[in-house]
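Written out below as structure tokens is the structure these notes cover.
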């Protein structure tokens, strides 16, 4: 197999890209001192299976992804010119040092605290604008796409655009909790409205957090023109049952089913965002 061309790579342009978050692979590895599972080897396997990107969220305490992992994955992604490296984290902690050093294709700015178990909310705009503005500007100057982790709040999207962000990533835990409940339709309308508001001011839309094989297709059918989904916890859990290769392919099938579905009334024809 040519390592530069994944089997599904040709289908990327007209549908949502899948970025595999490998934090949980690193978390398992860190419970022993044997170097297994191998974060880089499994990231390569995910790319070979058709993932269009790799995501990491290195926290200051290195409880999962470590600095060396980020460097090693950056080297791996150089061998995959059609795949993207997305480094996410709080820009007031350790994220910007990686952005300056590695200049990944995308950095996702997340407002989590040092001790936080996992990301659980988006930026508050306009309240957070003053501290974000110089950091977004610096990433822009380095040529790194900036995505802001955001709750589904349509009124916040003009502020995100005013900061100079290229995209927003919709924090999808509220949708995951509502999936398959009577609240699902109302929650999806809120996410669709937020996506449309972002696109109306020139922002591309990503999504992530607690998306899985059961809820991904419904989300992508209802929310217009999502450019990328970043999925880690559920995908790695599924890989324990199915194997990583088959799991990545199954998530791609979820995305493909959404792409083949008729457009919903809230859908738009625009696929915004910087590349």
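The values are calculated or read from the model by the stated rules, or taken from the named source; none is laboratory data. All values reported here derive from a predicted model rather than from experimental measurement. Note that each Cβ is placed from the backbone with ideal geometry, even for glycine, and that neighbours are counted across all protein chains shown.
Checking residue 47 against (1) more than 19 Å from residue 255 (Cα to Cα); (2) at pLDDT 95 or above, which test does it fail?
Every listed condition holds for residue 47 apart from (1).
Residues checked against (1) modelled with pLDDT under 95; (2) within 19 Å of the chain's Cα centre (by Cα); (3) farther than 18 Å from residue 240 by Cα:
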{"site": "29", "(1), (2), (3)": "yes, no, no"}
{"site": "56", "(1), (2), (3)": "no, yes, yes"}
{"site": "62", "(1), (2), (3)": "yes, no, yes"}
{"site": "68", "(1), (2), (3)": "no, no, yes"}
{"site": "76", "(1), (2), (3)": "no, yes, yes"}
{"site": "87", "(1), (2), (3)": "no, yes, yes"}
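Name the single residue, out of those in the range 155-200 being in contact (Cβ under 8 Å) with a residue 60 or more places away in the chain and in contact with a helix residue (DSSP H, G or I) (Cβ under 7 Å, 6 or more places away or on another chain), that is farthest from residue 125 (Cα to Cα).
So the first thing to find is which residues in the range 155-200 are in contact (Cβ under 8 Å) with a residue 60 or more places away in the chain, and the list is 166-167, 169, 189, 192-193, 196, 198-199.
Those still in the list that are in contact with a helix residue (DSSP H, G or I) (Cβ under 7 Å, 6 or more places away or on another chain) too: 192-193, 198.
Numbers: 192: 19, 193: 17, 198: 13 Å.
Residue satisfying both the conditions and the ranking: 192.
Please enumerate the residues belonging to the range 202-225 that are more than 16 Å from residue 122 (Cβ to Cβ), touching a helix residue (DSSP H, G or I) at 6+ places or on another chain (Cβ under 7 Å) and not in a helix (DSSP H, G or I).
Step one: list which residues in the range 202-225 are more than 16 Å from residue 122 (Cβ to Cβ), which gives 202, 212-222, 224-225.
Pick out the ones that are also touching a helix residue (DSSP H, G or I) at 6+ places or on another chain (Cβ under 7 Å) and you get 202, 212-213, 215-217, 219-222, 224-225.
Listed by number, the residues that qualify are 202, 212, 213, 215, 224, 225.
What about residue 18, is it modelled with pLDDT of 90 or more and over 18 Å from the mean Cα position of the chain (by Cα)? Break it down into steps so the answer makes sense when it comes.
On the way: modelled with pLDDT of 90 or more: yes; over 18 Å from the mean Cα position of the chain (by Cα): no.
In short, no.
Is there any pair linking a residue in the range 201-219 that is touching a residue at least 40 places away in the same chain (Cβ under 8 Å) and at positive phi to one that is assigned to a loop (DSSP other than H, G, I, E, B) and crowded, with 24+ Cβ neighbours inside 10 Å, with Cβ under 6 Å and at least six apart or on different chains, and which?
Matching pairs, first to second residue: 209/172.
Tell me, yes or no, whether the range 254-269 has at least one residue that is crowded, with 21+ Cβ neighbours inside 10 Å, out of contact with any helix residue (DSSP H, G or I) (no Cβ under 8 Å at 6 or more places or on another chain) and modelled with pLDDT of 95 or more.
No, there is no match, as no residue in the range 254-269 is crowded, with 21+ Cβ neighbours inside 10 Å, out of contact with any helix residue (DSSP H, G or I) (no Cβ under 8 Å at 6 or more places or on another chain) and modelled with pLDDT of 95 or more.
Just checking, how many residues over the range 169-193 are in a helix (DSSP H, G or I) and closer than 24 Å to residue 57 by Cα? Break it down into steps so the answer makes sense when it comes.
Our first condition is that a residue be in a helix (DSSP H, G or I); within the range 169-193, this holds for 173-178, 184-193.
Right, trim to closer than 24 Å to residue 57 by Cα and you get 173-177, 191.
Going through the range 169-193 one residue at a time, the tally reaches 6.
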